[in-house]
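I have a structure here, written as structure tokens, and I will follow up with some questions on it.
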Amino acid sequence: MADLLVMKFGGTSMGSAERIQIAAKLSAEQHAKRPVAIVVSAMSKVTDLLLNTLSKAEEGDATTVEANLEALKTRHIECARELLPADRHEAAIQGIERLVGEFSRIAHGMLLLRERPPRSVDEAIAIGEQLSAFLIAEYMNSTSVAAEAVNAARVIATDAVFGNATPIMEATRERSAGVLKPLLDKRVLPVVTGFNASTLDGKPTTLGRGGSDFSASILAAALDAAELWIWTDVDGIMSADPRVAKNARVLPEVTYAEAAELAFAGAKVLHPRTLAPLAERQIPVWSKNSFRPEVAGTRIVPKIAEGHGPRAVTSMTNIAMVSIEPANTAISGTMVMAEAIEALSRAGVEVPLITSSSYTQSFCFLVRQAELERAQQFLEERLSLELAHGYLKPISIDKEVGLVAVVGEGMRGTPGLAGRIFMAVSRQGINIVSMAQGSSELTIAMVVHRKDLEQAVRSIHDECGMGQPA
Ligand code: ADP
Ligand code: ASP
Ligand code: MG
């Protein structure tokens with residue numbers, strides 16, 4: 001659809017009645033000019049609350065489950081009362097109670113069985129987005145903007161990797177054409193739930209935490225949209241997380257490749273997989289602040305004409321460094337590495353960084369803490385003989401680490417840059433545990449101790465002059 005605009009509103013942009021009104025106004029303004037579809041996150045902190053409820057159900061903690069269910073219901077009902085005219089309250093409360101009831105049914109099933117099957121988790125946590133989509137669609141309808149809440153389980157098709165599913169684009173295109181095009185043709189604004197989807201045979205899935213960005217980009221690609229605007233709570237993509245570097249600056253333009261590297265290296269402003277579906281179709285993306293819509297934001301584009309140096313520095317926590325080292329030279333380090341990588345790939349574990357030393361034949365890599373147990377299990381199984389016979393030292397794991405990454409297309413072939421970056425960090429007395437330059441030459445990454453992470457980000461940010469002038 002040549003002139004379609006897809007917009008996504010994140011958790012803070014949907015976080016209260018007042019924020020929902022603003023999101024609706026921003027949507028209606030564009031909808032008056034061209035076809036618009038929006039994708040919404042759950043109200044801020046709701047997904048955490050839902051996940052906590054399911055964990056507590058599995059533990060058998062009925063008291064917390066009931067308290068959480070009450071909190072969930074109250075938050076949405078209070079929001080509906082504030083948001084909607086009185087004659088719509090009753091119907092809205094019924095709608096909210098129905099959705100909370102669906103969640104409650106699954107949570108109570110888990111409480112009974114003391115089990116939390118991933119498929120049921122995905123079905124349950126998608127309720128957060130269904131509640132927020134319902135609220136904003138009701139509000140728009142009350143202001144005479146025709147809108148309809150659409151469950152993305154009817155629209156986005158994925159594989160069956162529950163909790164971190166991957167879209168199947170062809171099927172998603174067909175489903176979008178069937179479900180969303182008729183609404184758009186009637187000038188009804190579809191309000192699609194972010195974060196969730198379903199398999200080809202209809203089992204509910206989710207796209208990973210923060211996945212609503214990804215939902216929006218999948219839909220923008222599937223519908224051949226003209227643009228995607230991602231509304232969040234900062235002015236755009238910045239030279240660093242503004243919570244870490246106070247003088248961080250908004251970047252007016254970044255390339256798809258830079259944005260993707262930043263997201264993969266921990267910049268929470270975008271879900272790591274957001275850019276892939278768009279880059280293929282070269283759909284322009286804007287990252288904008290719903291609290292300050294008058295600010296232009298960041299434009300993500302295929303290419304930036306003039307050269308530019310390092311653009312942003314980002315950090316990642318909740319990771320662990322795994323080190324594997326042969327105990328003697330009787331064993332080939334390359335072979336061990338091949339076996340380890342194969343084990344990680346079979347485990348479906350992502351490796352954000354890997355480095356090796358040819359002398360000791362040792363190597364180390366990062367995995368996310370959430371995937372650590374699985375990674376360890378697959379590695380120990382695969383390398384069991386080598387470990388049992390003492391060819392390998394015991395696998396060592398360090399959880400007190402963080403990853404710092406400097407990103408910028410213009411860093412390619414800039415002599416002395418890596419040296420300056422490492423010097424800036426060393427001057428602060430920070431020990432660099434490991435370092436790597438990605439083969440894309442877009443990123444220089446290093447692992448430091450967790451306690452030094454924020455300081456490392458700030459010293460690189462200052463050394464490269466990335467921030468606002470003082
Ligand atoms: P949403 O709920 O809208 O999806 P998120 O909380 O997921 O928003 O992402 C926005 C947050 O990302 C910002 O509040 C900011 O603290 C954080 N962030 C981390 N790195 C960056 C960066 N380089 N640029 C902008 N924001 C960043
Ligand atoms: N609500 C989901 C989460 O908190 C998805 C999102 O907000 O992008 O992870
Ligand atoms: Mg987000």
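Starting at the first residue of segment 311-316, write each ³J(HN,Hα) from the Karplus equation 6.51 cos²θ - 1.76 cosθ + 1.60 with θ = phi - 60°, in whole Hz, x for Gly and Pro.
For segment 311-316, the Karplus-derived couplings read 10, 8, 10, 9, 9, 10 Hz, x marking Gly and Pro.
Over segment 161-256, how many percent of alpha carbon pairs lie in each 10 Å bin up to the one with the longest distance?
All Cα pairs considered, the percentages come to 13, 38, 29, 16, 4.
How big is segment 88-235 along each principal axis, measuring the range of its Cα positions in Å and listing the largest first?
Result for segment 88-235: principal-axis Cα extents of 46, 40, 35 Å.
Let me ask you something else. Quickly estimate the mean residue ellipticity at 222 nm for the chain, helices only: each DSSP H run with n ≥ 4 gives -39500 (n - 2.57), and the total goes over all residues, rounded to 500.
Details: 15 runs with 200 residues, N = 470.
-13500 deg cm²/dmol, from helical runs alone.
Sticking with this structure for a sec: If amide H atoms are built 1.01 Å from N in the plane of the peptide, which residues on other chains or at least 5 residues away come under 5 Å of the amide H of Leu251?
Ile237, Met238, Ser239
Mind ordering 344-354, 33-43 by average Cβ neighbours within 10 Å, highest first? All intermediate terms of the calculation are to be shown ahead of the outcome.
Numbers: 344-354: 16.7, 33-43: 25.4.
So the peptides 344-354, 33-43, ranked by packing, come out 33-43, 344-354.
More than 15 Å apart: what percent of Cα pairs in segment 370-470 qualify? Don't skip to the answer; put the middle values down first.
Details: 3463 of 5050 pairs.
Tail of the P(r) past 15 Å holds 69 percent of the pairs.
Taking the Cβ of each residue in Lys181, Lys303, Lys56, Lys8 as the centre, tally the other Cβ atoms inside 10 Å and list the residues starting with the fewest.
Lys303, Lys181, Lys56, Lys8
Follow-up question, since we're still on this one. Once R0 is set to 60 Å, what does the formula 1/(1 + (r/R0)^6) return for the Cβ-Cβ distance between Ile432 and Ala226, expressed as a FRET efficiency to the nearest 0.05? Walk me through the numbers on the way to the answer.
Numbers: r = 44 Å, r/R0 = 0.74.
Step by step, r from the Cβ atoms, then E = 0.85.
Now a separate question. Roughly what angle does helix 17-31 make with the longest principal axis of the chain, taking Cα atoms, 0 to 90 degrees, to the nearest 10?
Result, in degrees: 80.
Still on this structure: For the chain, how big is the tail of P(r) above 42 Å, as a whole percent of Cα pairs?
Numbers: 22794 of 110215 pairs.
Here the long-distance tail beyond 42 Å is 21 percent of all Cα pairs in the chain.
Give the shape of segment 1-57 as rounded, prolate or oblate, defined through the alpha-carbon gyration tensor: a ≥ b ≥ c are the square roots of its eigenvalues, a/c under 1.5 means rounded, and otherwise the shape is prolate if a/b is larger than b/c and oblate if not. List each step's numbers first, then the result.
On the way: a/c = 5.39, a/b = 2.22, b/c = 2.43.
Cα axes put segment 1-57 in the oblate bin.
What is the helix-to-structure angle for 127-142, meaning the angle in degrees between its Cα long axis and the longest Cα principal axis of the chain, kept from 0 to 90 and rounded to the nearest 10?
40
Stick to the Cα atoms of segment 284-371, pair each with every other, and give me the Kirkwood hydrodynamic radius in Å at one decimal.
On the way: mean 1/r = 0.0588 Å⁻¹.
One decimal place: 17.0 Å for the Kirkwood radius.
Quick one: dipole size for segment 1-156, taken about the Cα centre, charges +1 on Lys/Arg Cβ and -1 on Asp/Glu Cβ, in debye to the nearest 20.
Values: 17 positive and 21 negative charges, 75 e Å.
Computed about the Cα centre, the dipole is about 360 debye.
Using only Cα atoms, tell me the angle between helix 46-59 and the longest principal axis of the chain; keep it within 0 to 90° and round to the nearest 10.
70
Using a simple charge model, +1 on the beta-carbon of Lys and Arg, -1 on the beta-carbon of Asp and Glu, nothing else, what dipole does segment 342-437 show about its Cα centre, in debye to the nearest 20?
Values: 9 positive and 10 negative charges, 77 e Å.
It works out to roughly 360 debye.
Take Arg34 and Gln369, extend 7 Å from each Cα along the Cα→Cβ direction, and tell me the distance between the two endpoints in nm.
Placing both labels 7 Å beyond Cα along the Cβ direction yields 4.3 nm.
Restricting to bridges with both residues inside the chain, how much of the DSSP beta-bridge set is antiparallel, in percent to the nearest 5?
Values: 40 of 67 bridges.
Taking every DSSP beta bridge within the chain, about 60 percent pair in antiparallel fashion.
Using a Förster distance of 56 Å, how high is the FRET efficiency between Ile77 and Leu385, based on the Cβ-Cβ distance and rounded to 0.05?
Details: r = 60 Å, r/R0 = 1.06.
Here the calculated transfer efficiency is 0.40.
Something else: For Trp229, enumerate residues with amide H under 5 Å from its amide H, sequence gap 5+ or separate chain, H modeled in the peptide plane.
Amide H neighbours of Trp229, under 5 Å, 5+ apart: Val6, Met7, Lys8, Trp286.
Taking the Cβ-Cβ separation of Ser332 and Val161 as r and a Förster radius of 51 Å, what is the calculated FRET efficiency to the nearest 0.05? Each step should come with its number before you reach the end.
Values: r = 33 Å, r/R0 = 0.64.
Between Ser332 and Val161 the formula returns 0.95.
Segment 212-297: which GluC sites (Glu not before Pro) are DSSP loop and have at most 10 other beta-carbon atoms within 10 angstrom?
Details: sites: Glu227, Glu253, Glu258, Glu261, Glu280, Glu294; in loops: Glu294.
In loop regions of segment 212-297 (DSSP not H, G, I, E or B), the sparsely surrounded GluC sites (Glu not before Pro) are Glu294.
Sort 422-431, 98-107 for me by packing, meaning the mean count of neighbouring Cβ atoms within 10 Å per residue, highest on top. Please report the intermediate quantities before stating the final value.
Working: 422-431: 14.4, 98-107: 17.7.
Result, highest mean Cβ count within 10 Å first: 98-107, 422-431.
On to the next question. Going highest first, how would you order 445-456, 148-159, 316-327, 372-383 by mean Cβ packing within 10 Å?
Values: 445-456: 20.1, 148-159: 22.9, 316-327: 18.5, 372-383: 16.6.
Ranked from most to least packed, the peptides come out as 148-159, 445-456, 316-327, 372-383.
To make sure I understand, if each residue's beta carbon is the centre and we count other beta carbons within 10 Å, what order do Tyr256, Tyr359, Tyr391, Tyr139 fall in, fewest to most? Don't skip to the end; give the middle numbers.
On the way: Tyr256 21, Tyr359 7, Tyr391 15, Tyr139 25.
Fewest to most other Cβ atoms nearby, the residues stand as Tyr359, Tyr391, Tyr256, Tyr139.
May I pose another question? Beyond a 19 Å Cα-Cα separation, which of these cross-linked pairs lie in this structure: Lys45/Lys246; Lys33/Lys186; Lys45/Lys451; Lys45/Lys399; Lys268/Lys303; Lys8/Lys45? Intermediate values should be presented prior to the final figure.
Numbers: Lys45/Lys246 24 Å; Lys33/Lys186 15 Å; Lys45/Lys451 26 Å; Lys45/Lys399 26 Å; Lys268/Lys303 22 Å; Lys8/Lys45 17 Å.
Long pairs (Cα-Cα over 19 Å): Lys45/Lys246; Lys45/Lys451; Lys45/Lys399; Lys268/Lys303.
Can I ask one more? Give the long-range amide H neighbours of Ile168: residues separated by 5 or more places, or on another chain, with amide H under 5 Å away, using H modelled in the peptide plane at 1.01 Å from N.
Correct list: Ala157, Thr158, Asp159.
Which ³J(HN,Hα) values, rounded to whole Hz and listed in residue order, are derived for segment 359-374 from phi using the Karplus coefficients 6.51, -1.76 and 1.60 in 6.51 cos²θ - 1.76 cosθ + 1.60 with θ = phi - 60°, glycine and proline given as x?
Ordered by residue, 3J(HN,Hα) equals 6, 7, 6, 8, 8, 9, 8, 9, 9, 6, 4, 5, 9, 4, 4, 5 Hz.
Along segment 295-301, what does the Karplus equation 6.51 cos²θ - 1.76 cosθ + 1.60 (θ = phi - 60°) give for ³J(HN,Hα), rounded to whole Hz, x for Gly and Pro?
7, 4, x, 10, 9, 9, 10
Can you give the translational diffusion coefficient of segment 179-322 in µm²/s, computed by Stokes-Einstein from the Kirkwood radius over Cα pairs at 20 °C and 1.002 mPa s?
Values: Rh = 16.4 Å.
The Stokes-Einstein estimate is 131 µm²/s.
No lab work stands behind these numbers, since they all come straight from the coordinates. Quantities reported herein were computed from a predicted structural model and do not represent experimental measurements. No Cβ is skipped: glycine too gets one built from the backbone with ideal geometry, and neighbour counts run over all protein chains shown.
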